[in-house]
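The values are calculated or read from the model by the stated rules, or taken from the named source; none is laboratory data. Since we're looking at a predicted model, the values are computed, not measured. Cβ sites come from the backbone with ideal geometry, for glycine too, and all protein chains shown count toward neighbours.
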Amino acid sequence: MMRVGLISDTHGLLRPEALAFLEGSDHVVHGGDICDAGVLEALSALAPVTAVRGNNDHGSWASRLRETELFQVGEIFIYAIHDLAHLDRASAAGVQVVVSGHSHKPSVERRDGILYVNPGSACPRRFKLPVSICELTVTGRSVSARIVELVRRA
């Protein structure tokens, strides 16, 4: 079994609760809008990191990030993209999981055999959206996801 921590839209804030939750992950995926290279440095101290560039990621550190990443964890192929609206259907061929961010709305949805996961936002709360993070559990070719709210809504 492998544990993959998913985080997105940190906007320069890496909460201690997020670090604590991600500790023990075999891999971490950041879905973009990182906004500070220090966030990736801190995450890479926990596990290997795959990150994509979001629409708010600028500067020389961000130019090294790609807009999409296709990678394998165990027997599962994962495709990461910041804004799901830019997903080309052809790019999902052979992919079991698509990780996105951008909307700040956490969601887990299975469509056409693909698990679409948006961990939501781990940055300062916006509107009435939760502050959340996600975990993938990969066992062979089986994968499941669970969203965890880091800060309870009042």
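Annotation note: Cβ proximity below 8 Å between a residue of the stretch 28-46 that is in contact (Cβ under 8 Å) with a residue 24 or more places away in the chain and over 16 Å from ILE81 (Cα atoms) and a residue that is surrounded by fewer than 24 Cβ atoms within 10 Å (Cβ to Cβ) and among the charged types (D, E, K, R) (sequence gap 6+ or interchain) occurs for LEU46/GLU23.
Kindly establish whether ARG64 is surrounded by 15 or more Cβ atoms within 10 Å (Cβ to Cβ), of a type in the set (Lys, Arg) and out of contact with any Cys (no Cβ under 9 Å at 6 or more places or on another chain). Answer is no for this residue.
With respect to the stated conditions, CYS123 fails to be within 15 Å of the chain's Cα centre (by Cα), within 16 Å of GLY32 (Cα to Cα) and at pLDDT 95 or above.
So, in the stretch 84-106, of the ones that are in contact (Cβ under 8 Å) with a residue 40 or more places away in the chain and within 25 Å of CYS35 (Cα to Cα), which residue ends up surrounded by the most Cβ atoms within 10 Å (Cβ to Cβ)?
Result: GLY101.
One residue is enough: does the stretch 31-39 have a residue meeting the conditions of a type in the set (D, E, K, R) and out of contact with any strand residue (DSSP E or B) (no Cβ under 7 Å at 6 or more places or on another chain)?
So far as the stretch 31-39 goes, yes, one or more of its residues are of a type in the set (D, E, K, R) and out of contact with any strand residue (DSSP E or B) (no Cβ under 7 Å at 6 or more places or on another chain).
For beta carbons closer than 6 Å, sequence separation of 6+ or different chains, a first residue in the stretch 60-80 that is more than 19 Å from ARG3 (Cβ to Cβ) and a second that is assigned to a loop (DSSP other than H, G, I, E, B) and charged (D, E, K, R), the qualifying pairs are ALA62/ARG53; LEU65/ARG53; GLU67/ARG53.
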